[in-house]
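Just so it is clear, none of the values below were taken in a lab; they were calculated from the coordinates. The shown structure was predicted, so the numbers you read here are calculated from the model rather than taken from an experiment. When we count neighbours, we look across all protein chains shown, and the Cβ atoms used for this are built from the backbone with ideal geometry, even at glycine.
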Amino acid sequence: MLARLAYQKAGVNHHVAFRKRQYNQLLFSGTPLLLLQIAAAVLAVILLVLLVRAIRRRGGFRAVLALESLAAAGMVLAYLTVPALKAVRIYPYAVLIASLILLLALLAQFLGSRVR
């Protein structure tokens, strides 16, 4: 009985494999993937400009926030472009977590720039 069940996918493993196939078909192939990559690259360039601007103005706290946001954008861009990261079974969840980290970093940067 155990020998037969050992080779069947069940539970969390099956769910992760199924969702990866589903997300790869819907979001991470073709035009949607290209749009996500372009958006992440444009956002990374904008954040790089904000980082340089914060460094020139000697805004230590703003520079740290910009660096944090730039690192998060780089992480999202890496997950969307590096083939070795796409092969990982938890790829859709990793992209989701990286995107949430980027969103929180952008929110912190926006709120941090308002604090004086």
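Things worth noting here:
- Label positions at Ala71 and His15, each projected 7 Å from the Cα along the C-beta direction, are separated by 3.1 nm.
- Karplus 3J(HN,Hα) series, Hz, for the stretch 48-55 with 6.51 cos²θ - 1.76 cosθ + 1.60 (x for Gly, Pro): 5, 5, 5, 5, 4, 5, 5, 5
- In plain terms, the chain from Val42 to Leu100 could stretch by 19.1 nm, reckoned as 0.36 nm per residue minus the Cα-Cα distance.
- Residues in the stretch 32-64 reached by a label modelled at Leu85 [backbone nitrogen below 15 Å; 7 Å Cα→Cβ]: 33-34, 36-45
- Extending 7 Å from the Cα toward the beta-carbon at both Leu35 and Val64 defines two label points whose distance is 3.7 nm.
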